[in-house]
Each structure stands twice: as C-alpha cells, then as structure tokens.
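Asks: Before I ask anything, here is the structure I am working with.
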Amino acid sequence: MIRDITVGQYYPSESTIHDLDPRFKIIASFIYMISIFAVESIIGYGVVTLFIVFLIKMSKIPIKYILKGLKPIMLIIIFAFVINVFFTPGKVIFEYRIIKVTSEGLYRGFFMAIRLVFLIIGTSLLTLTTSPLKLTDGIEKLLNPFKKIGLPAHELAMMMTISLRFIPTLLEETDKIMKAQMARGADFESGSIVNRAKGLIPLLVPLFISAFQRADDLAMAMEARCYRGGDNRTQLKVLKYTRKDLIGSFVLILYVASLFAFKMVW
Amino acid sequence: MSIKIENLSYIYDQGMPFETIAVDNISFDIENGEFVGIIGHTGSGKSTLIQTINGLYKPSKGKIFINDIDLTDKKVKKSDIRKKVGLVFQYPEYQLFEETVYKDIAFGPKNLNLKADEIDIRVKESMKLVGLDFEKLNEVSPFELSGGQKRRVAIAGVLAMNPEVLILDEPTAGLDPKARDEILKQIEILNKKKKVTVLLVSHSMEEVANLVDRLIVLDKGKKVLDGDVRSVFKEYELLTDIGLGVPQVTELINKLNLRGCNIKETVLNVEEAKNAILKQLRGDSND
Ligand SMILES: Nc1ncnc2c1ncn2[C@@H]1O[C@H](COP(=O)(O)OP(=O)(O)OP(=O)(O)O)[C@@H](O)[C@H]1O
Ligand SMILES: [Mg+2]
C-alpha cells in the first residue's frame with residue numbers, strides 16, 4: 001500500500017515532455033495549478049482534462065502508473081468531498097436527522113475533489129518527467145533573481161531535491177520496518193485510536209533513526225567529495241531553451257487562452 | 001508445522017511496465033521438523049518467497065498451506081499465522097526501537113498477550129540462545145550495542161515468540177566467522193532439540209553445506225534444484241552456471257576427478273574429503 005505513493009518519483013523515459021526545459025516545466029506547472037483553482041464550470045474541467053490527458057500521452061508514462069499515485073490520497077479526497085457536501089449552507093435537497101445535503105455542497109464537494117485530483121496528477125507529472133538533477137537546476141535558476149535579497153538559491157534548491165529524492169527511500173524503509181514489526185506480532189490496522197497511535201512507536205522510532213543516519217551519511221559523503229554549494233559552481237549540462245520549449249509555450253498559451261475564451265474562469 | 005506451496009508466483013508492480021517476476025511458479029512441501037536451506041544468487045527471489053510464506057505479501061498466483069490452513073483464504077487471520085511462523089528479516093537490526101534490550105525482545109511475546117513472568121522466562125531464554133549475557137545487557141539501550149550484538153537482539157526478538165517454524169533471511173550476513181558459527185550452531189540446536197522447522201536463506205554454499213538436511217536452489221525466481229545436500233551438489237555445472245558454485249572441498253574433489261581421479265561420493269567437508277582422497281590413494285597403490 002505504502003509503495004503506491006508516486007509523488008516525487010522520477011519515471012525515466014524518452015519523450016518530448018521529458019526533454020522540456022525544467023524551468024519552463026516548473027512555471028507551466030504553476031500556471032496549471034492556478035488554472036485548476038480558477039476554473040469554475042464543467043466545460044472548463046473538460047478542457048483541463050483534455051489538456052492533462054494530452055500531456056500524459058505525450059510523456060509516455062502509463063496512465064495506470066499515474067492513477068496508482070492517487071490511491072494513497074483517495075482518503076483525503078473523499079474527506080474533502082464529504083466535508084463540503086455536508087457543511088455547506090444552501091438549498092437543502094436531502095435531509096435525514098442532523099445530516100443535511102445541499103445542492104451548493106454537492107457542487108462544491110465535487111469541484112474540490114476534482115481539483116485535488118488534477119493537482120496531484122499535475123504535480124506528479126512534473127516530478128515524473130524531470131530528473132532530480134534537472135529539477136534542482138531549474139529551481140535554482142528560477143530562484144536566482146532572489147539571491148540579491150539574500151536568498152540562498154542553490155542551497156534551497158539542493159534541499160528540495162534531496163527531500164524529493166528521499167521520499168521513495170523513506171517509503172521503502174517504512175514498508176520494510178512495518179513488515180518486520182508485523183512479523184513480531186505488531187498490529188497497525190485495528191484497535192482504538194489511542195492504541196493505534198501507540199502502535200506507531202515501533203514504526204516511527206526506527207524510521208527516524210534511519211532517516212537521521214541517512215542524512216548523516218549523505219552529508220559525510222558530500223563533504224568527502226568536497227561539495228561546496230553556491231557561488232562559482234559550473235555545470236556539466238547547462239540548461240538551454242530549445243524549440244520544444246517554444247512549442248510548449250504555444251500549447252500552454254493556447255490552453256490558458258481557451259479557458260479565458262470560453263469564460264470558464266472567473 | 002508443515003508448509004505446502006503450490007504454483008506460487010509473486011510479481012512486484014504487477015501490470016506496470018517495469019513489473020518484476022520475483023517468484024515464478026514455485027512448488028514444494030516442507031515437513032514438520034525439517035531443516036531446509038533456500039539458496040540462490042542475489043535477486044533470485046529468496047526474500048520475496050519467504051515473505052509470502054509469512055503472509056506479508058499476498059501471492060500473485062498459487063497457494064500456500066501452513067498446517068493445511070490456506071494462507072490465501074481471506075478469512076484466515078494473517079496475524080495468527082505470524083505467531084507460529086517466525087521471520088527474521090535480512091539485516092534485522094533496523095527493527096529495534098525500545099529503550100532497553102529487554103523491552104525490545106519482549107515486544108513480540110507481549111503482542112502474544114503473555115503474562116509478565118512468562119515473558120520474563122522467554123526473554124532470558126532467547127538471550128541465552130543467541131549468546132547475549134542477560135545480566136550485563138538487559139538494561140542497555142539496543143542502540144548502544146555493536147552491529148553483531150544488535151543482530152543477536154533482533155534474532156532473539158523473534159525467537160522469544162517461540163515460533164513453530166523459524167525462517168531466517170541471511171542471518172549471518174556481515175557477521176564475523178565466530179559470531180556466524182555461534183548463531184548457526186544455536187539454530188541447529190533449536191531444530192534438533194526443539195523440533196522447530198527451520199528455513200535458512202543464504203547465498204553461501206559453504207554455510208549451508210554442513211548444516212541443512214535439504215536444499216532448495218532458486219534462480220531468477222524459479223526453483224531449479226530441490227533435494228538433499230549431496231544430490232544437489234552433484235549438479236556441479238548447473239550450480240556454477242547460476243553463479244553459486246559448491247563448497248571449496250567439493251570443488252577440489254571435482255578438480256581431482258577431472259585430472260583422472262575417480263572419487264564417486266560427494267564430499268561436504270574437509271574430513272570427508274581427506275577420507276575420500278586417502279581411499280583413492282590406497283586404491284591406486286593396490287593396483
Ligand atoms: N520492493 C520491490 N519492488 C520491486 N521489485 C523488487 C522489490 N523487492 C525486490 N524486488 C525484485 O525482485 C527480485 C527478487 O528480489 P529478492 O529481494 O527476493 O531477492 P533475494 O534473492 O532476496 O536477493 P538478495 O540475496 O540480494 O537478498 C529482484 O529482481 C528485485 O529487484
Ligand atoms: Mg534477500
């Protein structure tokens with residue numbers, strides 16, 4: 001179950017999307033994220049769906065793999081839906097004792113769920129198609145202007161990439177420790193909330209210990225290879241915009257323009 | 001406890017483009033009290049296989065019966081099986097979490113809802129089994145121990161549950177020869193004296209040659225050989241082919257045979273090799 005989480009993982013493959021410049025992809029992701037929260041109508045979400053399906057097809061990542069990434073957060077999505085459905089005031093269309101379902105609630109709950117799904121798919125698409133190295137480069141370059149006001153761009157980018165890089169590792173570790181404790185009779189799935197929380201100790205303690213150990217090892221390994229971040233660092237592969245990015249920008253503009261053209265945003 | 005495995009397959013990331021068939025259509029039976037070695041090259045599926053036996057992975061195909069209870073049956077509670085089938089993971093040190101060695105070893109028995117005095121007996125017993133000094137170490141934090149001691153605590157943590165089947169995944173990897181021999185010795189005693197069924201996973205022929213009754217050899221997820229140690233070692237070429245080889249003494253006899261000796265029996269240790277060679281020499285001089 002835990003191994004289903006695909007957020008932050010890189011999926012190596014050869015596709016136009018993989019080849020795009022990371023800076024462009026990061027900016028495009030931001031625009032996409034804004035767009036999904038701005039869209040207000042069913043047709044609007046139709047356009048978003050078309051757009052994202054087109055991107056997934058282009059990226060040559062199996063849809064199944066991306067959908068698998070949604071499984072672990074299904075609970076959050078359902079939760080958001082339910083909260084919206086039951087707690088939005090408005091015209092009541094269904095009532096049973098204290099439970100009230102309003103049409104506004106249904107509407108909002110539905111959009112909330114859709115938005116979360118699109119949000120996760122979009123952001124996973126960014127990390128799935130961008131190697132951690134490129135991602136760091138991209139983030140760093142984009143943060144560069146802020147260096148003037150004292151923002152440690154390189155260090156920040158490095159930190160982000162390292163965290164992304166370790167998500168799958170930590171998940172694997174969690175899975176491994178869980179299994180080892182289950183083999184010793186630990187039960188993570190039943191019992192009262194208090195008991196369950198207590199039951200997490202045998203999982204969390206080893207997890208933290210190994211995470212600290214890993215961080216320590218990594219720091220040592222970087223230092224041993226004379227890593228020094230920031231100034232005067234040159235790159236083996238310098239980022240360059242290509243024609244693909246130009247075409248990509250056109251597609252993006254087309255997407256945003258069509259959302260505006262059909263008055264699907266507020 | 002007997003284990004029966006029928007056409008078992010396990011596939012990681014099934015349906016994904018990078019799916020791995022880790023266990024491929026394996027069948028075997030293990031009788032109560034047997035001491036079986038499961039051996040195979042890195043990545044041959046040993047760890048995956050034993051985790052399905054423990055009910056931690058749901059088989060992609062096939063069935064597993066533990067004492068005629070079908071593990072793949074949804075109604076069977078996996079936790080009940082795990083109480084009887086103890087599994088020591090590869091590099092089990094990471095499972096330690098308690099403040100003291102005592103509490104950590106007691107974690108398993110506690111989950112079995114045993115009484116405090118019974119737990120106490122079990123902790124003492126299992127510490128003795130793995131060669132840890134109870135008086136000296138029971139109040140120490142497991143994180144202050146050396147790597148080898150941590151390994152022993154982790155193994156003791158599983159032994160304390162008094163499993164009827166004990167599965168160990170490379171319990172001696174990374175240990176010094178003395179510690180290795182001690183731990184293997186204790187496992188052997190458990191098997192012989194207490195009639196615990198033992199499955200020992202290893203990739204070293206030297207280690208299992210003189211220990212187990214029966215060997216199951218895996219290669220790329222498939223079972224390629226299954227039988228008593230001597231009959232398995234007869235397949236010298238196949239074993240070399242899949243990157244396992246045979247113990248050095250066995251290989252020595254093979255080389256001698258290639259150079260014109262004619263030693264029929266498969267030898268497993270130096271003593272047997274000495275006798276075989278002496279016999280051969282005497283035989284030659286008699287001609
Ligand atoms: N969590 C996992 N996800 C995907 N594939 C895996 C996973 N664990 C193992 N595999 C793959 O399954 C196959 C069998 O792995 P397994 O760990 O069972 O081998 P092993 O025989 O125990 O090897 P070793 O001697 O190195 O411990 C390997 O090809 C491995 O890459
Ligand atoms: Mg293994």
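The values are calculated or read from the model by the stated rules, or taken from the named source; none is laboratory data. Fair warning: this is a prediction, and the values are worked out from it, not measured in the lab. FYI the Cβ positions are ideal-geometry reconstructions off the backbone, even for glycines, and counts take in every protein chain you see. Keep in mind that these areas ignore ligands, DNA and RNA; they rest on the heavy atoms of the full protein, side chains included. Shrake-Rupley method; radii C 1.70, N 1.55, O 1.52, S 1.80 Å.
Asks: Against the longest principal axis of chain B, how steep is helix B:101-111, in degrees 0 to 90 to the nearest 10, with axes from Cα atoms?
Replies: Helix B:101-111 sits at roughly 80 degrees to that axis.
Asks: Check B:G245: other-chain or 5+ apart residues with amide H under 5 Å from its amide H, H built from backbone geometry?
Replies: Result for B:G245 returns B:T240.
Asks: Then there's this: At a Cα cut-off below 19 Å, give the lysines reachable from B:K150, other chains included and same-chain residues fewer than 8 away excluded.
Replies: Answer for B:K150, where 19 Å is the Cα cut-off: A:K176, A:K179, B:K103, B:K124, B:K128, B:K136, B:K178, B:K185, listed by chain and number.
Asks: I need to check one value: relative contact order of chain A, counting alpha carbon pairs closer than 8 Å and at least 6 residues apart, in percent.
Replies: 30 percent
Asks: Taking the Cβ of B:T197 as the center, what net charge do the other residues with Cβ under 14 Å away carry, scoring Lys and Arg +1 and Asp and Glu -1?
Replies: +1
Asks: Could you state how much accessible area B:H41 has, in square angstrom rounded to the nearest 10, with a 1.4 Å probe and all protein chains kept in place?
Replies: Answer for B:H41: close to 90 Å² accessible.
Asks: Okay, moving on. Per-residue ellipticity at 222 nm for chain B, helices alone: DSSP H runs ≥ 4 residues times -39500 (n - 2.57), over residue total, nearest 500 deg cm²/dmol?
Replies: Calculated mean residue ellipticity at 222 nm is -12000 deg cm²/dmol.
Asks: Under a Cβ-only charge scheme (Lys and Arg +1, Asp and Glu -1), can you give me the dipole magnitude of the range A:152-224 about the Cα centre, in debye to the nearest 20?
Replies: 300 debye
Asks: A further question follows. From the square roots a ≥ b ≥ c of the eigenvalues of the alpha-carbon gyration tensor of the range B:39-170, which class results: rounded (a/c under 1.5), prolate (a/b over b/c), or oblate?
Replies: It is oblate, given that a/c is not under 1.5 and a/b is not larger than b/c.
Asks: OK, next. With charges set only on the Cβ (+1 for Lys and Arg, -1 for Asp and Glu), what does the dipole of the range A:190-259 come to about its Cα centre, in debye to the nearest 20?
Replies: Dipole about the Cα centre, nearest 20: 220 debye.
Asks: Against the longest alpha carbon principal axis of chain B, how many degrees, from 0 to 90 and to the nearest 10, is the axis of helix B:177-194 turned?
Replies: Approximately 80 degrees, to the nearest 10.
Asks: Using only protein heavy atoms and a 1.4 Å probe, report how much of B:S204 is accessible, in Å² to the nearest 10.
Replies: 40 Å²
Asks: Residue by residue through the range B:202-216, what is 3J(HN,Hα) from phi via Karplus (6.51 cos²θ - 1.76 cosθ + 1.60, θ = phi - 60°)? Round to whole Hz and write x for glycine and proline.
Replies: 7, 10, 10, 5, 4, 5, 8, 3, 9, 10, 8, 8, 9, 10, 10
Asks: Spin-label point model (7 Å from Cα, Cβ direction): what's the A:R233 to A:E189 distance in nm?
Replies: Inter-label distance under the simple model: 4.4 nm.
Asks: Too long at a 29 Å Cα-Cα cut-off: which of A:K57/B:K223; B:K110/B:K223; B:K4/B:K220?
Replies: A:K57/B:K223; B:K110/B:K223
Asks: Which parts of the range A:1-45 would a label at A:N144 reach, counting a residue when its backbone N lies under 16 Å from a point 7 Å out along Cα-to-Cβ?
Replies: A:21-27
Asks: Further question: So who's got an amide H within less than 5 Å of the one on B:K61, skipping anything under 5 residues away but keeping other chains? H placed 1.01 Å off N, in plane.
Replies: Excluding prolines and chain starts, which carry no amide H, the hits are B:S9.
Asks: Report the trypsin sites (Lys or Arg not before Pro) located in the range A:39-143 that are in a DSSP loop and have at most 12 other Cβ atoms inside 10 Å of their Cβ, or state none.
Replies: Here the trypsin sites (Lys or Arg not before Pro) that fit, given the DSSP loop and packing criteria, are A:K91, A:R97.
Asks: So what is the calculated 222 nm ellipticity per residue for chain A, using -39500 (n - 2.57) for each DSSP H run with n of 4 or more, over all residues, to the nearest 500 deg cm²/dmol?
Replies: -22500 deg cm²/dmol
Asks: Of B:Q95, B:L258, B:N191, which is farthest along the charge dipole of chain B in the positive direction, counting Lys and Arg as +1 and Asp and Glu as -1 at C-beta?
Replies: Ranked along the dipole, the leading option is B:N191.
Asks: Once R0 is set to 30 Å, what does the formula 1/(1 + (r/R0)^6) return for the Cβ-Cβ distance between A:I63 and A:I253, expressed as a FRET efficiency to the nearest 0.05?
Replies: Efficiency, from the Cβ-Cβ distance: 0.70.
Asks: Separate question: Given a Förster distance of 25 angstrom, what is the FRET efficiency for B:K58 paired with A:M74, based on the Cβ-Cβ distance and rounded to 0.05?
Replies: After rounding to 0.05, the efficiency reads 0.80.
Asks: So, one more: Going by a ≥ b ≥ c, the root eigenvalues of the Cα gyration tensor, does chain A fall in the rounded group (a/c under 1.5), the prolate group (a/b larger than b/c) or the oblate group?
Replies: Here chain A falls in the oblate category.
Asks: In addition: Rounded to the nearest 0.05, what FRET efficiency do B:N25 and A:F86 have when you use their Cβ-Cβ distance and R0 = 41 Å?
Replies: Plugging the Cβ-Cβ distance into 1/(1 + (r/R0)^6) gives 0.25.
Asks: Below 8 Å between Cα atoms, with a sequence gap of 6+, how large is the relative contact order for the range B:247-287 in percent?
Replies: 39 percent
Asks: Specify the inter-centroid distance of the range A:224-243 and the range B:187-255, based on alpha-carbon positions, in whole Å.
Replies: The distance from the Cα centre of the range A:224-243 to that of the range B:187-255 comes to 51 Å.
Asks: A follow-up question, please. Hey, can you grab everything whose amide H is under 5 Å from the amide H of B:V88? Only 5+ residues off in sequence or another chain; H modelled, so Pro and N-termini drop out.
Replies: B:I167, B:L168, B:D169
Asks: Quick one: dipole size for chain A, taken about the Cα centre, charges +1 on Lys/Arg Cβ and -1 on Asp/Glu Cβ, in debye to the nearest 20.
Replies: 320 debye
Asks: Express as a percent, rounded to the nearest 5, the fraction of DSSP beta bridges in the protein assembly as shown (both residues included) that run antiparallel.
Replies: Expressed as a percentage, antiparallel bridges in the protein assembly as shown total about 55.
Asks: Now, a different point. Looking at the range B:74-105, which trypsin sites (Lys or Arg not before Pro) are DSSP coil and have at most 14 other C-beta atoms within 10 Å of their C-beta?
Replies: The qualifying sites are B:K74, B:K75, B:K77.
Asks: Next up: Restricting to DSSP loop positions (anything but H, G, I, E, B) with no more than 16 other Cβ atoms inside 10 Å of their own Cβ, which trypsin sites (Lys or Arg not before Pro) remain in the range B:238-287?
Replies: B:R259, B:K264
Asks: Here is a further query. Against the longest alpha carbon principal axis of chain B, how many degrees, from 0 to 90 and to the nearest 10, is the axis of helix B:270-286 turned?
Replies: 10 degrees
Asks: When only the heavy atoms of the protein chains count and the probe is 1.4 Å, how do A:C226, B:C261 rank by accessible area, highest first?
Replies: I get A:C226, B:C261, largest accessible area first.
Asks: Then there's this: Just to verify a number: what accessible area does B:E135 come out at with the full protein assembly present, 1.4 Å probe, Å² rounded to tens?
Replies: Result for B:E135: roughly 150 Å² accessible.
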